[in-house]
1. Place the peptides 92-101, 401-410, 170-179, 349-358 in order of packing, highest mean first, counting for every residue the other Cβ atoms within 10 Å and averaging per peptide.
2. Let a ≥ b ≥ c be the square roots of the eigenvalues of the Cα gyration tensor of the stretch 153-210; is it rounded (a/c under 1.5), or, if not, prolate (a/b larger than b/c) or oblate?
3. Between helix 143-162 and the chain, what is the angle of the helix's C-alpha long axis to the longest principal axis, kept within 0 to 90° and rounded to the nearest 10?
4. Counting only heavy atoms of the protein chains, get the accessible area per residue of the chain (1.4 Å probe) and round it to a whole Å² value.
5. Is the shape of the stretch 320-457 rounded, prolate or oblate, going by the alpha carbon gyration tensor and its root eigenvalues a ≥ b ≥ c, with a/c under 1.5 for rounded and a/b larger than b/c for prolate?
6. If you wrap a convex hull around the C-alpha atoms of the stretch 1-119 and split its volume per residue, what is the figure in Å³?
7. Treating the angle as unsigned and between 0 and 90°, give the value, to the nearest 10°, between the Cα long axis of helix 130-140 and the longest Cα principal axis of the chain.
8. Considering the options F308, C391, A293, tell which one lies farthest towards the positive end of the dipole of the chain, charges being +1 on Lys and Arg and -1 on Asp and Glu at the Cβ, about the Cα centre.
Amino acid sequence: MTTSTDRGMWGSRFAFVLAAAGSAVGLGNIWGFPTQVGRGGGAAFVIVYLFCIVMICAPILVAEIVLGRRSRQSPVGAFKFLSPGTRWWWVGAVGVVTSVGIVAFYSVIGGWTIAYVWFAASGALGGGGEAAGDFFTRFTANGWQNVLCTFIFLGMAAAANAGGVRAGIERVTTALMPALLALLVLLAVRSLTLPGAAEGLAYYMRPDFSQAFNMTIVGAALGQAFFSLSLGNGAMLTYGSYLRRSDGIGRSVLMVVALDTSIALLAGLIIFPAGFSIVGFDPASSGPGLIFAVLPQLFATLAGGTLFGGAFFILLVMAALTSAISLLEVPVAHVVDRWGWSRPKAVGLVAGSAFLLSIPCALGNGAVESLSNLAPAAWGGNFLGVVATICNNFSLPITGMLMCIFVGYVWRVDRAVEELLADNAWFPNPKLWGLLVRYVSPLAIASILLGSIMAVL
Ligand code: PFF
(Lines give C-alpha, C1' and ligand atoms only; values in the text may rest on other atoms or scores of the structure.)
Protein backbone atom coordinates (compact mmCIF):
# COMPACT_ATOMS: atom_id res chain seq x y z
CA MET A 1 0.00 0.00 0.00
CA THR A 2 1.30 3.49 -0.74
CA THR A 3 1.87 5.85 2.16
CA SER A 4 -0.14 9.01 2.51
CA THR A 5 2.75 11.18 1.33
CA ASP A 6 2.89 9.31 -2.01
CA ARG A 7 -0.78 9.98 -2.58
CA GLY A 8 -0.54 13.72 -3.04
CA MET A 9 -2.38 16.57 -1.31
CA TRP A 10 -4.29 19.60 -2.45
CA GLY A 11 -2.17 22.75 -2.27
CA SER A 12 -4.87 24.61 -0.33
CA ARG A 13 -8.52 24.51 0.66
CA PHE A 14 -9.28 26.56 -2.42
CA ALA A 15 -7.63 23.92 -4.63
CA PHE A 16 -9.93 21.35 -3.05
CA VAL A 17 -13.00 23.51 -3.64
CA LEU A 18 -12.03 23.92 -7.29
CA ALA A 19 -11.53 20.20 -7.76
CA ALA A 20 -14.75 19.30 -5.94
CA ALA A 21 -16.69 21.92 -7.91
CA GLY A 22 -15.03 20.66 -11.09
CA SER A 23 -16.29 17.19 -10.22
CA ALA A 24 -19.80 18.31 -9.32
CA VAL A 25 -20.43 20.70 -12.20
CA GLY A 26 -20.68 18.80 -15.45
CA LEU A 27 -23.09 17.11 -17.82
CA GLY A 28 -25.32 16.34 -14.84
CA ASN A 29 -26.12 20.02 -14.47
CA ILE A 30 -26.45 21.16 -18.05
CA TRP A 31 -27.60 18.00 -19.83
CA GLY A 32 -29.01 15.80 -17.03
CA PHE A 33 -30.98 18.32 -14.99
CA PRO A 34 -33.08 19.80 -17.83
CA THR A 35 -33.61 16.31 -19.28
CA GLN A 36 -34.92 15.05 -15.95
CA VAL A 37 -37.07 18.13 -15.37
CA GLY A 38 -38.56 17.56 -18.83
CA ARG A 39 -39.29 13.91 -18.06
CA GLY A 40 -40.52 14.71 -14.57
CA GLY A 41 -43.11 17.24 -15.63
CA GLY A 42 -41.43 20.55 -14.74
CA ALA A 43 -41.49 22.57 -11.54
CA ALA A 44 -42.61 19.74 -9.22
CA PHE A 45 -39.40 17.89 -10.07
CA VAL A 46 -37.37 21.02 -9.34
CA ILE A 47 -38.89 21.34 -5.86
CA VAL A 48 -38.30 17.70 -4.97
CA TYR A 49 -34.76 18.00 -6.32
CA LEU A 50 -34.01 21.04 -4.14
CA PHE A 51 -35.42 19.24 -1.10
CA CYS A 52 -33.13 16.27 -1.79
CA ILE A 53 -30.08 18.52 -2.21
CA VAL A 54 -30.60 20.41 1.06
CA MET A 55 -32.00 17.76 3.39
CA ILE A 56 -30.31 14.62 2.12
CA CYS A 57 -27.33 15.23 -0.12
CA ALA A 58 -25.55 18.22 1.46
CA PRO A 59 -25.23 16.41 4.83
CA ILE A 60 -23.94 13.29 3.05
CA LEU A 61 -21.41 15.37 1.13
CA VAL A 62 -20.01 16.49 4.48
CA ALA A 63 -19.95 12.86 5.66
CA GLU A 64 -18.12 11.63 2.56
CA ILE A 65 -15.43 14.29 2.80
CA VAL A 66 -14.96 13.64 6.52
CA LEU A 67 -14.56 9.90 5.88
CA GLY A 68 -11.91 10.61 3.25
CA ARG A 69 -9.99 13.22 5.18
CA ARG A 70 -9.94 11.15 8.35
CA SER A 71 -8.83 7.91 6.72
CA ARG A 72 -6.58 9.32 3.97
CA GLN A 73 -7.70 6.38 1.83
CA SER A 74 -9.78 5.65 -1.22
CA PRO A 75 -13.30 4.28 -0.46
CA VAL A 76 -12.57 0.59 0.24
CA GLY A 77 -9.51 1.39 2.35
CA ALA A 78 -11.39 4.14 4.19
CA PHE A 79 -13.99 1.71 5.54
CA LYS A 80 -11.32 -0.90 6.35
CA PHE A 81 -9.33 1.73 8.23
CA LEU A 82 -12.25 3.17 10.19
CA SER A 83 -13.96 -0.13 10.93
CA PRO A 84 -11.36 -2.91 10.73
CA GLY A 85 -12.54 -6.49 10.50
CA THR A 86 -16.06 -5.61 9.35
CA ARG A 87 -17.73 -5.86 5.97
CA TRP A 88 -18.34 -2.12 5.62
CA TRP A 89 -15.66 -1.94 2.93
CA TRP A 90 -18.31 -3.36 0.60
CA VAL A 91 -19.87 0.09 0.49
CA GLY A 92 -16.62 1.41 -0.93
CA ALA A 93 -16.40 -1.50 -3.36
CA VAL A 94 -19.88 -0.80 -4.72
CA GLY A 95 -18.78 2.83 -5.17
CA VAL A 96 -15.74 1.72 -7.17
CA VAL A 97 -17.84 -0.43 -9.52
CA THR A 98 -20.53 2.24 -9.82
CA SER A 99 -17.89 4.77 -10.85
CA VAL A 100 -16.87 2.56 -13.78
CA GLY A 101 -20.54 2.28 -14.81
CA ILE A 102 -21.01 6.05 -14.64
CA VAL A 103 -17.81 6.76 -16.59
CA ALA A 104 -19.06 4.42 -19.31
CA PHE A 105 -22.34 6.23 -20.01
CA TYR A 106 -20.93 9.65 -19.14
CA SER A 107 -18.29 9.29 -21.85
CA VAL A 108 -20.95 8.72 -24.50
CA ILE A 109 -22.63 12.02 -23.65
CA GLY A 110 -19.20 13.65 -23.34
CA GLY A 111 -18.57 12.36 -26.86
CA TRP A 112 -21.79 14.00 -28.10
CA THR A 113 -20.64 17.35 -26.70
CA ILE A 114 -17.29 16.98 -28.47
CA ALA A 115 -19.11 16.31 -31.75
CA TYR A 116 -21.35 19.33 -31.11
CA VAL A 117 -18.33 21.64 -30.74
CA TRP A 118 -17.61 20.76 -34.34
CA PHE A 119 -21.24 20.85 -35.50
CA ALA A 120 -21.92 24.22 -33.84
CA ALA A 121 -18.74 25.93 -34.96
CA SER A 122 -18.96 24.65 -38.54
CA GLY A 123 -22.57 25.76 -38.90
CA ALA A 124 -23.76 22.18 -39.50
CA LEU A 125 -26.64 22.70 -37.08
CA GLY A 126 -28.16 25.27 -39.41
CA GLY A 127 -30.99 27.37 -38.07
CA GLY A 128 -31.99 24.94 -35.34
CA GLY A 129 -35.73 24.47 -34.88
CA GLU A 130 -37.36 21.09 -35.18
CA ALA A 131 -34.64 20.06 -37.61
CA ALA A 132 -32.16 20.19 -34.71
CA GLY A 133 -33.97 17.28 -33.04
CA ASP A 134 -33.80 15.25 -36.25
CA PHE A 135 -30.14 16.13 -36.60
CA PHE A 136 -29.47 14.72 -33.12
CA THR A 137 -31.45 11.55 -33.85
CA ARG A 138 -29.52 11.01 -37.08
CA PHE A 139 -26.19 11.65 -35.38
CA THR A 140 -26.76 9.27 -32.46
CA ALA A 141 -27.89 6.54 -34.87
CA ASN A 142 -24.44 6.56 -36.46
CA GLY A 143 -22.68 3.80 -34.53
CA TRP A 144 -19.04 4.24 -35.43
CA GLN A 145 -19.10 8.04 -35.05
CA ASN A 146 -20.56 7.66 -31.57
CA VAL A 147 -18.05 5.03 -30.50
CA LEU A 148 -15.22 7.19 -31.84
CA CYS A 149 -16.43 10.32 -30.01
CA THR A 150 -16.83 8.28 -26.81
CA PHE A 151 -13.30 6.98 -27.22
CA ILE A 152 -11.91 10.49 -27.72
CA PHE A 153 -13.68 11.83 -24.63
CA LEU A 154 -12.65 8.92 -22.42
CA GLY A 155 -9.09 9.07 -23.79
CA MET A 156 -8.81 12.76 -22.89
CA ALA A 157 -10.13 12.17 -19.35
CA ALA A 158 -7.81 9.19 -18.89
CA ALA A 159 -4.76 11.11 -20.13
CA ALA A 160 -5.51 13.98 -17.75
CA ASN A 161 -6.07 11.59 -14.86
CA ALA A 162 -2.83 9.73 -15.58
CA GLY A 163 -0.99 13.02 -15.09
CA GLY A 164 -2.15 13.12 -11.45
CA VAL A 165 -5.22 14.57 -9.83
CA ARG A 166 -3.85 17.97 -9.05
CA ALA A 167 -2.06 18.80 -12.27
CA GLY A 168 -4.42 20.44 -14.67
CA ILE A 169 -7.68 20.32 -12.72
CA GLU A 170 -6.94 23.42 -10.69
CA ARG A 171 -5.99 25.55 -13.65
CA VAL A 172 -8.78 24.31 -15.91
CA THR A 173 -11.44 24.82 -13.24
CA THR A 174 -10.26 28.30 -12.22
CA ALA A 175 -10.78 29.52 -15.76
CA LEU A 176 -13.79 27.34 -16.51
CA MET A 177 -16.25 28.26 -13.77
CA PRO A 178 -16.41 32.05 -14.33
CA ALA A 179 -16.52 31.61 -18.13
CA LEU A 180 -19.24 28.98 -17.89
CA LEU A 181 -21.32 31.05 -15.48
CA ALA A 182 -21.00 34.18 -17.63
CA LEU A 183 -22.06 32.36 -20.79
CA LEU A 184 -24.96 30.64 -19.02
CA VAL A 185 -26.26 33.96 -17.65
CA LEU A 186 -26.05 35.49 -21.11
CA LEU A 187 -27.91 32.57 -22.67
CA ALA A 188 -30.56 32.69 -19.94
CA VAL A 189 -31.18 36.39 -20.62
CA ARG A 190 -31.51 35.69 -24.34
CA SER A 191 -33.78 32.73 -23.74
CA LEU A 192 -36.06 34.65 -21.38
CA THR A 193 -36.54 37.43 -23.91
CA LEU A 194 -37.64 35.14 -26.76
CA PRO A 195 -41.29 35.26 -27.85
CA GLY A 196 -43.29 32.62 -25.97
CA ALA A 197 -40.67 32.32 -23.21
CA ALA A 198 -43.27 32.92 -20.47
CA GLU A 199 -44.92 29.57 -21.14
CA GLY A 200 -41.60 27.77 -20.62
CA LEU A 201 -40.93 29.76 -17.49
CA ALA A 202 -44.32 28.79 -16.06
CA TYR A 203 -43.64 25.12 -16.82
CA TYR A 204 -40.29 25.41 -15.03
CA MET A 205 -41.42 27.42 -12.02
CA ARG A 206 -45.11 26.72 -11.39
CA PRO A 207 -45.42 23.30 -9.78
CA ASP A 208 -48.16 20.76 -10.34
CA PHE A 209 -48.11 19.30 -6.84
CA SER A 210 -49.77 16.05 -7.82
CA GLN A 211 -46.47 15.19 -9.54
CA ALA A 212 -44.48 15.83 -6.37
CA PHE A 213 -45.83 12.54 -4.99
CA ASN A 214 -45.22 10.47 -8.09
CA MET A 215 -42.58 8.12 -6.69
CA THR A 216 -40.86 7.46 -10.02
CA ILE A 217 -40.28 11.20 -10.29
CA VAL A 218 -39.20 11.55 -6.66
CA GLY A 219 -36.76 8.65 -7.11
CA ALA A 220 -35.35 10.24 -10.25
CA ALA A 221 -34.95 13.57 -8.43
CA LEU A 222 -33.02 11.89 -5.62
CA GLY A 223 -30.79 10.07 -8.13
CA GLN A 224 -30.19 13.29 -10.03
CA ALA A 225 -29.23 15.09 -6.81
CA PHE A 226 -26.67 12.40 -5.93
CA PHE A 227 -25.31 12.34 -9.48
CA SER A 228 -25.04 16.10 -9.71
CA LEU A 229 -23.10 16.42 -6.44
CA SER A 230 -20.84 13.43 -7.37
CA LEU A 231 -22.12 11.70 -4.27
CA GLY A 232 -22.36 8.10 -3.09
CA ASN A 233 -19.68 6.49 -5.23
CA GLY A 234 -16.75 7.81 -3.23
CA ALA A 235 -15.50 10.55 -5.57
CA MET A 236 -15.84 13.20 -2.87
CA LEU A 237 -14.46 10.76 -0.29
CA THR A 238 -11.40 10.23 -2.47
CA TYR A 239 -10.95 13.97 -3.08
CA GLY A 240 -11.41 14.49 0.67
CA SER A 241 -8.57 12.05 1.28
CA TYR A 242 -6.20 14.53 -0.37
CA LEU A 243 -7.39 17.35 1.91
CA ARG A 244 -5.15 18.61 4.70
CA ARG A 245 -6.49 18.46 8.24
CA SER A 246 -6.03 22.18 8.62
CA ASP A 247 -8.41 22.87 5.71
CA GLY A 248 -12.00 23.21 6.94
CA ILE A 249 -14.88 21.37 5.29
CA GLY A 250 -17.98 23.48 6.09
CA ARG A 251 -17.34 26.42 3.76
CA SER A 252 -16.09 24.19 0.96
CA VAL A 253 -19.29 22.16 1.02
CA LEU A 254 -21.47 25.27 1.03
CA MET A 255 -19.63 26.67 -1.97
CA VAL A 256 -19.77 23.44 -3.95
CA VAL A 257 -23.47 22.90 -3.27
CA ALA A 258 -24.34 26.52 -4.09
CA LEU A 259 -22.36 26.51 -7.32
CA ASP A 260 -23.62 23.13 -8.48
CA THR A 261 -27.24 23.96 -7.77
CA SER A 262 -27.16 27.40 -9.35
CA ILE A 263 -25.63 26.05 -12.54
CA ALA A 264 -28.31 23.36 -12.80
CA LEU A 265 -31.08 25.90 -12.17
CA LEU A 266 -29.58 28.25 -14.74
CA ALA A 267 -29.50 25.47 -17.31
CA GLY A 268 -33.24 24.99 -16.82
CA LEU A 269 -33.78 28.72 -17.16
CA ILE A 270 -32.11 28.52 -20.56
CA ILE A 271 -33.66 25.34 -21.92
CA PHE A 272 -37.37 25.68 -21.04
CA PRO A 273 -38.13 29.26 -22.15
CA ALA A 274 -36.15 28.67 -25.36
CA GLY A 275 -37.73 25.25 -25.83
CA PHE A 276 -41.28 26.52 -25.44
CA SER A 277 -40.66 29.26 -27.94
CA ILE A 278 -40.10 26.48 -30.51
CA VAL A 279 -43.45 25.48 -31.96
CA GLY A 280 -44.46 21.90 -31.15
CA PHE A 281 -41.84 21.42 -28.44
CA ASP A 282 -42.58 18.60 -25.99
CA PRO A 283 -40.12 18.47 -23.08
CA ALA A 284 -41.27 15.04 -21.93
CA SER A 285 -40.61 13.20 -25.17
CA SER A 286 -37.33 14.93 -26.04
CA GLY A 287 -35.34 12.69 -23.67
CA PRO A 288 -31.54 12.83 -23.76
CA GLY A 289 -31.61 14.92 -26.95
CA LEU A 290 -33.39 17.82 -25.21
CA ILE A 291 -30.50 20.26 -24.91
CA PHE A 292 -29.08 19.23 -28.28
CA ALA A 293 -32.40 20.07 -29.92
CA VAL A 294 -33.08 23.32 -28.06
CA LEU A 295 -29.67 24.98 -27.86
CA PRO A 296 -29.01 25.21 -31.62
CA GLN A 297 -32.33 27.04 -31.90
CA LEU A 298 -31.21 29.46 -29.23
CA PHE A 299 -27.78 30.02 -30.80
CA ALA A 300 -29.50 30.75 -34.11
CA THR A 301 -31.24 33.74 -32.50
CA LEU A 302 -27.93 35.30 -31.42
CA ALA A 303 -25.71 37.44 -33.58
CA GLY A 304 -22.51 35.38 -33.90
CA GLY A 305 -24.45 32.22 -33.01
CA THR A 306 -21.84 29.83 -34.38
CA LEU A 307 -19.24 31.48 -32.17
CA PHE A 308 -21.43 31.28 -29.06
CA GLY A 309 -22.42 27.73 -29.91
CA GLY A 310 -18.83 26.62 -30.39
CA ALA A 311 -17.70 28.36 -27.18
CA PHE A 312 -20.60 26.89 -25.21
CA PHE A 313 -19.87 23.32 -26.24
CA ILE A 314 -16.12 23.77 -25.59
CA LEU A 315 -16.92 24.90 -22.03
CA LEU A 316 -19.32 21.99 -21.64
CA VAL A 317 -16.65 19.51 -22.79
CA MET A 318 -14.23 20.99 -20.24
CA ALA A 319 -16.79 20.83 -17.45
CA ALA A 320 -17.54 17.21 -18.39
CA LEU A 321 -13.85 16.35 -18.42
CA THR A 322 -13.20 17.63 -14.90
CA SER A 323 -16.11 15.44 -13.76
CA ALA A 324 -14.90 12.40 -15.70
CA ILE A 325 -11.40 12.83 -14.23
CA SER A 326 -12.90 12.58 -10.73
CA LEU A 327 -15.01 9.57 -11.72
CA LEU A 328 -11.92 7.75 -12.96
CA GLU A 329 -10.10 8.74 -9.78
CA VAL A 330 -12.27 6.48 -7.60
CA PRO A 331 -11.27 3.14 -9.21
CA VAL A 332 -7.78 4.42 -10.08
CA ALA A 333 -7.03 5.45 -6.48
CA HIS A 334 -8.36 2.07 -5.37
CA VAL A 335 -6.01 0.16 -7.67
CA VAL A 336 -3.06 2.41 -6.75
CA ASP A 337 -3.76 2.29 -2.98
CA ARG A 338 -4.70 -1.37 -2.61
CA TRP A 339 -2.83 -3.16 -5.37
CA GLY A 340 0.20 -0.87 -5.47
CA TRP A 341 -0.02 -0.39 -9.25
CA SER A 342 1.54 2.66 -10.93
CA ARG A 343 -0.97 5.38 -11.82
CA PRO A 344 -0.66 5.06 -15.65
CA LYS A 345 -1.15 1.28 -15.48
CA ALA A 346 -4.16 1.68 -13.18
CA VAL A 347 -5.67 4.31 -15.51
CA GLY A 348 -5.18 1.93 -18.45
CA LEU A 349 -7.08 -0.87 -16.72
CA VAL A 350 -9.91 1.35 -15.49
CA ALA A 351 -10.37 3.34 -18.71
CA GLY A 352 -10.13 0.15 -20.77
CA SER A 353 -12.90 -1.54 -18.78
CA ALA A 354 -15.05 1.58 -18.89
CA PHE A 355 -14.59 1.81 -22.65
CA LEU A 356 -15.81 -1.77 -23.13
CA LEU A 357 -18.99 -0.96 -21.23
CA SER A 358 -19.38 2.34 -23.05
CA ILE A 359 -19.59 0.65 -26.48
CA PRO A 360 -23.13 -0.76 -25.99
CA CYS A 361 -24.06 2.58 -24.36
CA ALA A 362 -22.88 4.41 -27.50
CA LEU A 363 -24.65 1.98 -29.83
CA GLY A 364 -27.98 2.00 -28.00
CA ASN A 365 -29.19 5.39 -29.22
CA GLY A 366 -30.54 4.33 -32.55
CA ALA A 367 -27.55 2.49 -34.04
CA VAL A 368 -28.43 -1.01 -32.78
CA GLU A 369 -32.12 -1.74 -32.39
CA SER A 370 -31.92 -4.30 -29.56
CA LEU A 371 -29.75 -1.98 -27.43
CA SER A 372 -31.96 1.00 -28.20
CA ASN A 373 -35.17 -0.62 -26.99
CA LEU A 374 -33.92 -2.62 -24.09
CA ALA A 375 -36.26 -1.82 -21.21
CA PRO A 376 -39.40 0.09 -20.20
CA ALA A 377 -39.02 3.86 -19.99
CA ALA A 378 -39.02 3.81 -16.16
CA TRP A 379 -35.85 1.71 -16.34
CA GLY A 380 -34.16 4.06 -18.75
CA GLY A 381 -35.31 2.63 -22.09
CA ASN A 382 -32.04 1.99 -23.91
CA PHE A 383 -28.75 0.46 -22.75
CA LEU A 384 -27.32 3.84 -21.72
CA GLY A 385 -30.50 4.68 -19.83
CA VAL A 386 -30.53 1.36 -17.99
CA VAL A 387 -26.89 1.76 -16.85
CA ALA A 388 -27.63 5.36 -15.79
CA THR A 389 -30.80 4.36 -13.92
CA ILE A 390 -29.08 1.54 -12.04
CA CYS A 391 -26.10 3.73 -11.11
CA ASN A 392 -27.83 7.04 -10.38
CA ASN A 393 -31.27 6.11 -9.08
CA PHE A 394 -30.29 3.03 -7.09
CA SER A 395 -26.58 2.50 -6.52
CA LEU A 396 -25.68 6.07 -5.48
CA PRO A 397 -28.59 6.56 -3.04
CA ILE A 398 -28.06 3.09 -1.51
CA THR A 399 -24.34 3.66 -0.88
CA GLY A 400 -25.17 7.19 0.30
CA MET A 401 -27.65 5.78 2.80
CA LEU A 402 -25.14 3.19 4.00
CA MET A 403 -22.55 5.94 4.47
CA CYS A 404 -25.03 7.78 6.71
CA ILE A 405 -25.65 4.64 8.75
CA PHE A 406 -21.91 4.07 8.99
CA VAL A 407 -21.14 7.59 10.18
CA GLY A 408 -24.25 7.81 12.36
CA TYR A 409 -24.14 4.46 14.13
CA VAL A 410 -20.86 2.61 13.48
CA TRP A 411 -18.04 5.12 13.36
CA ARG A 412 -20.34 7.50 15.31
CA VAL A 413 -21.24 11.13 14.93
CA ASP A 414 -19.09 12.47 17.79
CA ARG A 415 -15.92 11.22 16.08
CA ALA A 416 -17.03 12.69 12.79
CA VAL A 417 -17.83 16.02 14.46
CA GLU A 418 -14.45 16.03 16.16
CA GLU A 419 -12.86 15.60 12.72
CA LEU A 420 -15.12 18.30 11.27
CA LEU A 421 -14.16 20.81 13.92
CA ALA A 422 -10.43 19.96 13.95
CA ASP A 423 -8.15 22.99 14.05
CA ASN A 424 -11.09 25.17 15.11
CA ALA A 425 -12.69 24.81 11.73
CA TRP A 426 -15.98 26.61 11.04
CA PHE A 427 -19.08 24.45 10.73
CA PRO A 428 -22.61 25.87 10.98
CA ASN A 429 -24.51 23.45 13.22
CA PRO A 430 -22.84 20.12 14.06
CA LYS A 431 -25.84 18.96 16.13
CA LEU A 432 -28.28 19.48 13.29
CA TRP A 433 -25.87 17.78 10.91
CA GLY A 434 -25.75 14.77 13.25
CA LEU A 435 -29.54 14.58 13.29
CA LEU A 436 -29.76 14.79 9.53
CA VAL A 437 -27.13 12.07 9.06
CA ARG A 438 -28.56 9.73 11.69
CA TYR A 439 -32.27 10.08 11.02
CA VAL A 440 -33.45 12.32 8.21
CA SER A 441 -31.19 11.32 5.32
CA PRO A 442 -31.24 7.53 5.74
CA LEU A 443 -34.98 7.41 6.41
CA ALA A 444 -35.78 9.71 3.51
CA ILE A 445 -33.58 7.69 1.14
CA ALA A 446 -35.05 4.38 2.32
CA SER A 447 -38.63 5.57 1.81
CA ILE A 448 -37.91 7.13 -1.58
CA LEU A 449 -36.13 3.98 -2.77
CA LEU A 450 -38.92 1.76 -1.55
CA GLY A 451 -41.54 3.98 -3.16
CA SER A 452 -39.75 4.18 -6.48
CA ILE A 453 -39.09 0.41 -6.59
CA MET A 454 -42.79 -0.26 -5.96
CA ALA A 455 -43.69 2.27 -8.64
CA VAL A 456 -41.56 0.64 -11.36
CA LEU A 457 -42.43 -2.96 -10.50
N1 PFF B 1 -21.40 15.41 -10.88
C2 PFF B 1 -21.12 15.11 -12.27
C3 PFF B 1 -22.09 15.89 -13.13
O4 PFF B 1 -23.03 16.49 -12.61
O5 PFF B 1 -21.91 15.90 -14.34
C6 PFF B 1 -21.19 13.62 -12.53
C7 PFF B 1 -20.37 12.80 -11.58
C8 PFF B 1 -19.01 13.04 -11.43
C9 PFF B 1 -20.98 11.83 -10.81
C10 PFF B 1 -18.26 12.31 -10.53
C11 PFF B 1 -20.25 11.07 -9.91
C12 PFF B 1 -18.90 11.33 -9.78
F13 PFF B 1 -18.20 10.63 -8.95
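1. Put in order of decreasing packing, that is 92-101, 401-410, 349-358, 170-179.
2. It comes out prolate by the Cα gyration axes.
3. Rounded to the nearest ten degrees, it is 30.
4. On the way: 16890 Å² over 457 residues.
About 37 Å² of surface per residue is accessible.
5. Working: a/c = 3.04, a/b = 1.38, b/c = 2.20.
Oblate is the answer for the stretch 320-457, as a/c is 1.5 or above yet b/c matches or exceeds a/b.
6. Values: hull volume 19.6 nm³, N = 119.
With only Cα atoms used, the stretch 1-119 gives 165 Å³ per residue.
7. With both axes taken from Cα atoms, the answer is about 50 degrees.
8. C391
The values are calculated or read from the model by the stated rules, or taken from the named source; none is laboratory data. Fair warning: this is a prediction, and the values are worked out from it, not measured in the lab. Because the Cβ atoms are built from the backbone with ideal geometry, glycine has one as well, and the counts that use them run over all protein chains shown. Each accessible area value is taken on the protein alone, full model and side chains, heavy atoms only, with ligands, DNA and RNA left out. Shrake-Rupley method; radii C 1.70, N 1.55, O 1.52, S 1.80 Å.
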